[in-house]
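Encoded as C-alpha cells, the structure appears first; notes follow it.
Please treat every number below as a calculation from the coordinates, not as lab data. Being a predicted model, the structure only gives us computed values, none of them experimental. Here the Cβ is made from the backbone with ideal geometry for all residues, glycine too, and neighbour counts use every protein chain on show.
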Amino acid sequence: MKRREVIKKIATEAKKQEAEWGLAREGANHTVYTLNGVMVPIPRHNELGEIFAIDIFRECEDVLGKGWWKK
C-alpha cells in the first residue's frame, strides 16, 4: 500500500468521525501525526507493506474504533 494511501485513509475516517488529525512533526525517518492526541508515526517509504499498513491502522483503533479500516 502506498504511504499517501495510508495517510489519506486515516484522514478520511478521522474527518468522518470528527476526530482531530494533524501533522505533529517531521522526524529523520518518520512523519509523526496526531489523532486526538495519539501519536501515529508513519515511515517515509513510498511503498509500505500490507501488514505494516495494518499495524499503522491498529494504532488508530483507540480513536477510530476496532477494525475501522475493514469497512
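Among the residues of region 40-71, those that are among the aliphatic types (A, V, I, L, M) and surrounded by 12 or more Cβ atoms within 10 Å (Cβ to Cβ) comprise V40, I42, L48, A53, I54, I56, V63, L64.
Among the residues making up region 22-71, a single one is of a type in the set (A, V, I, L, M, F, W, C) and touching a His at 6+ places or on another chain (Cβ under 7 Å): I42.
Is one or more of the residues making up region 2-21 among the aliphatic types (A, V, I, L, M) and touching a Lys or Arg at 6+ places or on another chain (Cβ under 7 Å)?
No, that holds for no residue.
Confirm whether K16 is buried (at least 17 other Cβ atoms within 10 Å of the Cβ) and closer than 17 Å to D62 by Cβ. When the stated conditions are applied, K16 does not pass them.
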